[in-house]
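Below is one structure, written out as structure tokens, with a few remarks after it.
The values are calculated or read from the model by the stated rules, or taken from the named source; none is laboratory data. Quick caveat: nothing in here was measured; it's all calculated off a predicted structure. Every residue, glycine among them, receives a Cβ derived from its backbone with ideal geometry; neighbour counts consider all protein chains shown.
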Amino acid sequence: MIEMFKQWYEARHEYVKAWKRTNKNGKVMGYFCTYVPEEILYAGNVLPVRILGSHEPQDVTEPHIFAMYCPFCRDCLAQGLKGRYDYLDGIMIAQSCLHIRQAFTSWQLHIPVPYSYYLPMPNNLQTKHALPYLRGELAIFKESLENWLGKKITDADLDKGIEIMNQSRRLMRAVYETRKAERPPITGLEAMYIAVSNQMIDKREHGLALEETIKKLPARQGSRDPGARLMIVGSEDDDTEFVRMVESVGATVVIDDHCTGSRYFWNETGKDNDRMRAIAERYISRPACPSKDWPTRIRLPHLLKLAKDYKVQGVIIIQQKFCDPHELDIPATEKLFRENNIPTMFLEFDVTVPIGPFKTRVEAFLEMITQEALF
Amino acid sequence: MNKYPTEPLKCWNKAKEIRENYYLNYAKAKEKGGIRWAGGAWSFGAIPAGLGDDVHCLTGEPYGASIAWNKDFALQCQEAAEKKGYARDLCSYMRIYWGSIILDKYLWGGHFPKPDFFWQDHICCSHAKWYQVASELEGNIPMYCIDVAVGPEGEVNKNRVDYIVGQMSDGIEWMQKVTKRKYDNQKLIEAVYNECRATSLWAEVCLLNKTIPAPLDEKTMYSLYVLGTLMKHSKTVADFYQELLDEVKERVKRGIAAVPNEICRVMSDTQPPWAFLKVFRYLEKYGCVSIGSLYTFGLIGLWEIKQDGSWGAKTTPQQKGIKIKTREEALRILTEWNLAKPEWQHFYSPHLKSEMMIRIAREWKLDGVMLHYNRGCEGLSLGIAENRLALQKAGFPVMTFEGNMGDEREFDETRTMARIDTFMETLDLKKTR
């Protein structure tokens, strides 16, 4: 049941190449940040594919990105330099952190693609001016896309794009909802395969697999002792090896706050005759990336609500090495959980993680969390 | 061995005095019932100027740089921030600034002076978060931040300007509520004129360094451009830059050199490791002068391409005969002026910066480039590796050295000097002193 998502995650490039063969008029857009308005891409029959790293050590990005920037952005660029995304028709980014932006700009400079677009997504999401501004920028982007595609994107196309995205979000929320159960029917690792593949696979096809999965999940309930219920919070994270290890030592990841996870699909695009406005509103009000969470910290109450709703016993705070936006939030995040009696553990991630030492630390953390049960 | 005459700048002491007074006036502002605000060096300082003549500011980056020069205090500050849980690889100015709050020690003596409000702008990931944390450390001091990351100068459109002007207008209303003061549009208009004049004049000063021998060297320029990072909107700074320009013109006329044995010209990039400015004096042993950088020219200076295709100081609204009459006009001009800032362009692509650097290398007749891979600043080190490739492709020898503008723990002095020796040898230079 979950195998399909795992296969998609592992054979992402093969999937997209096959998609292109069967969608002769379709184009593929590689995107670098989840603030990219995929509704507009689907409206134009463009398949959005998130560019992620491969978790392999590499030495091809050193001439392009100074080593003080996060390993994730360098891993993403490495995929392009190695030709693994040679099927892309275009690339785009919505403005977020400086790190991933460098992967995009170096890609623009060194890896030829027919189309590239930089969407100046607002950083100040809490001002009333963000909505008209982003609405205007989305309209400019739509026009640019139309020029590239050589066709108009109509309101009916946009309604289709919005519905594709919303349907996918609803299904993802339904899957995540099942994780609230005392004995969640899926593990954190399985959820990660589902969520990350959701960013690479045609949402319509992914949705069919999700519907099937949701039907079968009740039969799985109770089949596994979850152990300690954990939440993972932080930067981009598709490190399946790490989650597999955590869940092998007496724990289950029941919820996450990652852009590769819940932040991506948590809210839907509303209905509005002005489609650009509706889409803008959705991206402004989605759970924020720390780089956009100011002046008020809106992330914190959201994190706490997730922790409570999913009855979390402990939180692993994960940060890509050198990730400034998350580093800037971590002391406040730790304080929040400390004040609410939820223990936290901080781990710094690189392209590859030292599973052995991390295992020792996770085991110690789990012992701490479950000590009452022990004594 | 000297090829050219040299002499100290006559206005040097005045520059030092303006800087000193700036920090002392900020500390003493409350004694006279004045207002204090704190924020970044790129903040729209002209806007709070509309609150009155007794408004004083503290800009975080130059304050951090001042402390960085004092290695012991800088380390204390950074360790204090790290102890609170802030990562060691975050912006070193920011960690120093927070540390100064945490330790409650002001570099100019006494307790750290609390601002009435924070007034920031945001183009780098750390900008808004810097004062979000500072506000928390200071007991929730009101904070306002304007997002200016709307794309490069060449792609400015009405939608983008409206977004910034809208935030500015709301900011004025907010400021009036926070300070309970009535806002004076005329003072805003004056401050906008001052800012345009000051930042254009600074570019004119830098322009004179095209001359051989260069009348100024970069180490000296650091003490001059800094005034623009403190209060670019003030008449004091604009008037000083006029005085400086007149003096540098006179130096050019008389053939006065910054480095009397000048035989080689280079530029640097990003903030220097402030505790190790002797790097620049070491270059002089080879007859090498660093004539500046995109950083010293364009952090504050405003430029434009002139009719002959060369880079020159940006024409101010007053030079164009524009009479600003309303708040809205003032904010719009201030926005458009700042969106042309050279050091804001690379946030959207390194090639925009590479083009400006290659232009400087050609027009200022350079023999090579020294890039500081600055671990202390993610904003200005952004794309620096691509800049290196572009400069090399354009035919300029490039040396890189790693360091940190504010954290001496990340600067290897011996290794850097050895790299300089090697670079100088590749440029066929020998020590002459």
| said: Among the residues in region A:258-271, are any more than 14 Å from chain B (Cβ to nearest Cβ), of a type in the set (Asp, Glu), within 18 Å of the chain's Cα centre (by Cα) and buried (at least 22 other Cβ atoms within 10 Å of the Cβ)? | reply: no
| Test: A:ARG74 is touching a residue at least 24 places away in the same chain (Cβ under 8 Å) and surrounded by 17 or more Cβ atoms within 10 Å (Cβ to Cβ) | yes
| field | Listing of helices (runs of 4 or more DSSP H) fully contained in region B:342-402 that carry 2 or more residues being over 20 Å from B:SER126 (Cβ atoms), within 9 Å of chain A (Cβ to nearest Cβ) and not hydrophobic (A, V, I, L, M, F, W, C) | value | B:384-393
| task | Scan the helices (runs of 4 or more DSSP H) fully inside region B:224-340 and keep the ones with 3 or more residues being outside the structural domain of B:GLY40 (by TED's automatic domain parsing) and of a type in the set (Val, Ile, Thr). | result | B:235-254
| field | Residue within region A:320-328 that is among the basic types (Lys, Arg) and within 25 Å of A:LEU52 (Cα to Cα) present | value | yes
| said: What are the pairs with Cβ atoms under 8 angstrom where one residue, in region B:21-38, is at positive phi and of a type outside the set (A, V, I, L, M, F, W, C) and the other, located anywhere, is in a loop (DSSP other than H, G, I, E, B) and modelled with pLDDT of 95 or more? Sequence gap at least six, or different chains. | reply: B:GLY33/B:ASP54
| task | Can you confirm whether region A:76-84 contains a residue that is more than 14 Å from chain B (Cβ to nearest Cβ), out of contact with any helix residue (DSSP H, G or I) (no Cβ under 8 Å at 6 or more places or on another chain), on the phi > 0 side of the Ramachandran plot and not β-branched (Val, Ile, Thr)? | result | yes
| query | Considering region B:121-150 alone, what residues qualify as being within 7 Å of another protein chain (Cβ to nearest Cβ), in a loop (DSSP other than H, G, I, E, B) and in contact with a helix residue (DSSP H, G or I) (Cβ under 6 Å, 6 or more places away or on another chain)? | reply | B:VAL150
| request: State all residues of region A:137-156 that are in a helix (DSSP H, G or I) and surrounded by fewer than 19 Cβ atoms within 10 Å (Cβ to Cβ); if no residue qualifies, say none. | output: A:ALA139, A:ILE140, A:GLU143, A:SER144, A:GLU146, A:ASN147, A:TRP148, A:LEU149, A:ASP155, A:ALA156
| query | Among the residues of region A:92-136, how many are assigned to a helix (DSSP H, G or I), of a type in the set (D, E, K, R) and surrounded by fewer than 23 Cβ atoms within 10 Å (Cβ to Cβ)? | reply | 1
| note | Given (1) away from chain A (no Cβ under 14 Å); (2) crowded, with 20+ Cβ neighbours inside 10 Å, B:ARG95 misses just (1)
| When you scan region B:314-335, how many residues do you find that are of a type outside the set (A, V, I, L, M) and crowded, with 16+ Cβ neighbours inside 10 Å? | 7
| query | What is the number of the single condition among (1) within 24 Å of B:TYR22 (Cβ to Cβ); (2) touching a residue at least 40 places away in the same chain (Cβ under 8 Å) that B:ASP246 does not meet? | reply | (2)
| Subset of region A:111-129 that is touching a residue at least 12 places away in the same chain (Cβ under 8 Å) and farther than 19 Å from A:LEU41 by Cα - its residue that is farthest from the other protein chains (Cβ to nearest Cβ) | A:ILE111
| note | Note on region A:308-336: residues over 20 Å from the mean Cα position of the chain (by Cα) and within 13 Å of another protein chain (Cβ to nearest Cβ) are A:PRO331, A:ALA332, A:GLU334, A:LYS335, A:LEU336
| task | Please indicate, with yes or no, whether at least one residue in region A:279-294 is β-branched (Val, Ile, Thr), more than 13 Å from chain B (Cβ to nearest Cβ), surrounded by 15 or more Cβ atoms within 10 Å (Cβ to Cβ) and in contact (Cβ under 8 Å) with a residue 40 or more places away in the chain. | result | yes
